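Worksheet for the structure shown next.
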Amino acid sequence: MPSTMLSANQPMAPAQSDGRAGKYLTFQLAKEEFGIRVLKVREIMGLQEITAVPQTPAHIKGVINLRGKVVPVIDLRLKFGIPAAEYTQRTCIIVTQVQGESSAVLMGIVVDGVSEVLNLTGAEIEDTPEFGEQIAGNYLLGMAKVKGKVKILLDIDKVLSTQELHNLNILAH
Amino acid sequence: MPCSADLRQHIEDLALRLVMGGPETAQALADWISAIQAIQKAAEAEKAQAVVAAADSAIQQIRQASSLEDWDGDTPMAGLPEAIARLQQALDAGMQAPVAADQSIAQDPELLADFALESREHLAAIESQVLILERDPANTEALHATFRGFHTIKGLAGFLELWEVQKLAHEVETVLDRARNAELAITPAATDVILLSADSLRRWLAYVELRLHGENSQPPAHDQGLLDRIRGLYTTPEATAPPGLATLATRVEAGGAEENTPQPAAPISPRPETMAVKVDTAKLDFLVDMAGEMVIAESLVRHDRELAAVKSPQLQRKIAQLTRITAELQRTAMSMRLVPIGPLFRRMARLVRDLSRQFSKRVELETSGDEIELDRTIVEELSDPLMHMVRNSLDHGIESPQERQERGKPALAHVYLKAHHQSGQVVVEVADDGRGLNREKIRSKAVERGLVPDDKPLSENETYNLIFLPGFSTAEKVSNVSGRGVGMDVVRRHIEKLRGRIEIRSAVGAGSSFLMKLPLTLAIIDGLVVGVGAERYIVPLFSVREMFRPQAETIWTVQNQAEMALVRGSLLPVLRLYRRFRVAPRSENPLESILIVAEVEGQRFCLLVDELIGKQEVVIKALGETFKDVTGISGGAILGDGRVGLILDLDRLFKEPNSASDF
């Protein structure tokens, strides 16, 4: 996916904004709407039984069986430092294909609910505002304003490979 | 190559003459020989090695044919067209490529890789056949098989322009050819030289393979000494054996066999090569994986509650059929990864031969169960431990011929390599009829090294198991083969890595035997599914010794800290799985739990779990890099209900009990 590579390398350069255009799957997490590239999504599934793996950080929920493959599952709320919530009927696991250390790996993310698929043009995507040093902004692709609402676009490769993520709550306010 | 046109002309003349009519008299035949000799000379001047070699073999063919007493004019004719054709081929090959072996190696890498692979197979076959010949020089079948091996390598090497290889193979082939014609006896000197040549060819193959992998490597040095030794075999005692009917018979037989040369010796490979397809191992692994998935999916369907509610005999039949097919599919897929253990055994034959000479002992290797099949990886990984044990056997186990005779045993000692199936596993045994393990000596050595306290009573088995401890070696003097103290502990680690177990049996004066119990495959294990709280874990069954519900007097707390369990008279450390993994157990009371006695690297310990759920065969899945820092878990597996179960890594669980860090 060359376009992702481009934008991931130079997320701040305005000239690259066209590289960010495309289809995004948006989902909810607490009060926010996030988006990830549809190309990264392999499957959306309802919540199923997750086998916990001992000695792992809280945001790693464990592993699931995806048609014979053992796939790790991350709770994105906990990963972003948002307080945990009860899993509901709307809670889903989005199975993404991300770049691992050596090859592409499947990883599931638990989100509060999947919203829709948006087709975003380059003009609709803005660069993330500078928050100063405390935000490790390079896992954000940008922000999109659609019908008056802000969607935070994530570089899911970076999100899942970064160990420590700062509290995203400050972002929207 | 300026005079290649001339050379070509000569050869084409010859071909034309053949078409007009071959030699009909002995005189005409001599003309032919001199004509080909002229070509050979010209080729030599041009350094067209392939042509030289081809001419050489053509001349020999004619000479052999003409030496027959009852020559009727047809016999030499049979080989001539082929010989001329080969000359032409060699000329074409020589025209296209430069002579230096080094440059030509850059040619078609696929062909070269195939060549290396095939030649290795031939060399392995050659080696075992030569060893047969050594014992039984009159074994014509082994002789023919050896000849065919070298002949094929020669042909392939010539095609790929590996002239050094071709030359060496050609010289050995000449020796063997003389032997086939009963003009030369297979002496120990001859077998030595043939084996050395095989080694030399192996070095070439290693070089070819290195180059194929893009590594820089020097070609093996030209070994004129070896070539001279080979030539010495057939030049000094000038071909004197009277040709006769007997030789004719062998020739006819050999000629028949030669026509389908790429076949290695029939007794070596039970499966004809023409029926085999080479497949990428990654594809094979994927197939095995998918077959495993299919079994799981099938089991999920079969046990589905809604489906079970449907009472239809027809559906039942269909599902039963599906089950049968899935099981068959998985078995077939698994069997594709399996290879017979025979070739590995035969590699040991060479080791036994060389070592028995080195130690001046008379040893014969006997194998059985060569056809038993194991996972490829297991067979490969078994090579080192097996080699080690065979060495130990020859060095320590087997007595010198004198000592044996003094004890009333035959001077000829035996080493046995056996394989057989036993309850779903394969047992590989390395045994000898030597002096057996000396319990006293082992014990005193272990005490001396501080490996065991002086006064501790040890059972027979416990004593034998001492030799698996790191740093143990009973060799009185360190030889260059064994006795460096790195032996048996490494062997055991290897075997356990393969999820196997090793046991020792020994009788003083009658010999010892090392039994390795190995799984058929590494992709599947027999697991014991246990429950801790809401979680389920899989304990590899090969490490489980026993399990029971503890009594009040079973569990002891030592100094208010470490918990020990009294099992069959020995105190074993207890690991409460729920504490280690920080999960809420159903009960913290050990009397309501289950103790599993497990053994890893000779050490036993107890694992406390809530309940036993059952035994299941599971396909092992890696958990991936997300969990690479997790200790005590070796992988995951899909359980019968479709959920993932975690497979315990008992070794690390026990050895790193405190690594449950700050999460």
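The values are calculated or read from the model by the stated rules, or taken from the named source; none is laboratory data. Computed from a predicted structure; not experimentally measured. Note that each Cβ is placed from the backbone with ideal geometry, even for glycine, and that neighbours are counted across all protein chains shown.
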Just checking, how many residues over the range B:554-582 are part of a strand (DSSP E or B), more than 14 Å from every other protein chain (Cβ to nearest Cβ) and either in contact with a strand residue (DSSP E or B) (Cβ under 7 Å, 6 or more places away or on another chain) or buried (at least 19 other Cβ atoms within 10 Å of the Cβ) (or both)? 14
Output for the range B:623-643, where each listed residue is within 15 Å of A:ILE60 (Cα to Cα) and facing chain A (nearest Cβ under 7 Å): B:LEU623, B:GLY624, B:GLU625, B:THR626, B:PHE627, B:VAL630
Would a scan of the range B:403-424 turn up a residue that is crowded, with 20+ Cβ neighbours inside 10 Å, free of Cβ contacts under 8 Å to residues at least 60 places away in the same chain and not in a helix (DSSP H, G or I)? yes
Count of residues meeting criterion [in contact (Cβ under 8 Å) with a residue 12 or more places away in the chain and under 20 Å from A:THR26 (Cβ atoms)] in the range A:89-109: 12
Could you pull out the residue among B:ASP610, B:ASP526 that is modelled with pLDDT of 90 or more, at negative phi and away from chain A (no Cβ under 14 Å)? B:ASP610
Residues in the range A:45-71 that are farther than 18 Å from A:ALA104 by Cα and among the β-branched types (Val, Ile, Thr) total 5
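Please determine whether any residue of the range B:361-369 is assigned to a helix (DSSP H, G or I), in contact with a helix residue (DSSP H, G or I) (Cβ under 6 Å, 6 or more places away or on another chain), in contact (Cβ under 8 Å) with a residue 12 or more places away in the chain and of a type in the set (A, V, I, L, M, F, W, C).
Step one: of the range B:361-369, the residues assigned to a helix (DSSP H, G or I) are none.
No, there is no match, as no residue in the range B:361-369 is assigned to a helix (DSSP H, G or I), in contact with a helix residue (DSSP H, G or I) (Cβ under 6 Å, 6 or more places away or on another chain), in contact (Cβ under 8 Å) with a residue 12 or more places away in the chain and of a type in the set (A, V, I, L, M, F, W, C).
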Inspect all residues belonging to the range B:631-646 and state whether any of them is closer than 21 Å to B:VAL544 by Cβ, without any contact (Cβ under 8 Å) to a residue 60 or more places away in the chain and surrounded by fewer than 17 Cβ atoms within 10 Å (Cβ to Cβ). no
What is the number of the single condition among (1) touching a Ser or Thr at 6+ places or on another chain (Cβ under 9 Å); (2) without any contact (Cβ under 8 Å) to a residue 40 or more places away in the chain; (3) not in a helix (DSSP H, G or I) that B:ASP454 does not meet? (1)
Among the residues of the range A:70-87, is any facing chain B (nearest Cβ under 7 Å), part of a strand (DSSP E or B) and touching a Leu at 6+ places or on another chain (Cβ under 9 Å)? yes
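For B:ALA565, indicate whether it is closer than 24 Å to B:GLY527 by Cα, small (Gly, Ala, Ser) and in contact with a Leu (Cβ under 9 Å, 6 or more places away or on another chain).
So B:ALA565 passes the test.
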Which of the residues that make up the range B:321-377 are out of contact with any Leu (no Cβ under 9 Å at 6 or more places or on another chain), of a type outside the set (Ser, Thr, Tyr), farther than 22 Å from B:GLY500 by Cα and surrounded by 14 or more Cβ atoms within 10 Å (Cβ to Cβ)? B:LEU322, B:ALA327, B:LEU329, B:GLN330
Any residue at all in the range B:639-651 that is modelled with pLDDT of 80 or more, closer than 30 Å to B:PRO457 by Cα, among the acidic types (Asp, Glu) and out of contact with any Lys or Arg (no Cβ under 8 Å at 6 or more places or on another chain)? yes
Strands (runs of 3 or more DSSP E) contained entirely in the range B:503-553, each with at least 2 residues that are within 25 Å of the chain's Cα centre (by Cα): B:511-519, B:524-532
Of all residues making up the range B:403-458, the number that are in contact with a strand residue (DSSP E or B) (Cβ under 7 Å, 6 or more places away or on another chain) and at pLDDT 85 or above: 21
Name every residue in the range B:541-572 that is in contact with a helix residue (DSSP H, G or I) (Cβ under 7 Å, 6 or more places away or on another chain), over 15 Å from B:GLU611 (Cβ atoms) and either at pLDDT 90 or above or not hydroxyl-bearing (Ser, Thr, Tyr) (or both), in order of residue number. B:ALA552, B:ILE555
Counting only residues that are within 35 Å of the chain's Cα centre (by Cα) and within 14 Å of chain A (Cβ to nearest Cβ), which one in the range B:298-332 is farthest from B:LYS621 (Cα to Cα)? B:THR326
Can you pull out the residues in the range B:436-448 that are surrounded by 15 or more Cβ atoms within 10 Å (Cβ to Cβ) and over 28 Å from the mean Cα position of the chain (by Cα)? B:ASN438, B:ARG439, B:ILE442, B:ARG443, B:LYS445, B:ALA446, B:VAL447
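Condition check ((1) at the interface with another protein chain (Cβ under 8 Å from one of its Cβ atoms); (2) within 30 Å of B:GLY292 (Cα to Cα); (3) among the aliphatic types (A, V, I, L, M); (4) part of a strand (DSSP E or B)) across all residues:
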residue	(1), (2), (3), (4)
A:GLY19	no, no, no, no
A:LEU25	no, no, yes, yes
A:GLN28	no, no, no, yes
A:ILE36	no, no, yes, yes
A:LEU39	no, yes, yes, no
A:VAL53	yes, yes, yes, no
A:ILE64	yes, yes, yes, yes
Of everything in the range B:378-394, what is surrounded by fewer than 19 Cβ atoms within 10 Å (Cβ to Cβ) and of a type in the set (S, T, N, Q)? Give them in sequence order. B:SER383
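Restricting attention to the range A:88-108, which residues are in contact with a strand residue (DSSP E or B) (Cβ under 7 Å, 6 or more places away or on another chain) and either facing another protein chain (nearest Cβ under 8 Å) or over 17 Å from A:ILE50 (Cα atoms) (or both)?
A:GLN97, A:VAL98, A:ALA104, A:VAL105, A:MET107
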Just one of (1) farther than 12 Å from B:PRO540 by Cβ; (2) facing chain A (nearest Cβ under 9 Å); (3) out of contact with any helix residue (DSSP H, G or I) (no Cβ under 7 Å at 6 or more places or on another chain); (4) in contact (Cβ under 8 Å) with a residue 12 or more places away in the chain trips up B:LEU595, so point out which. (2)
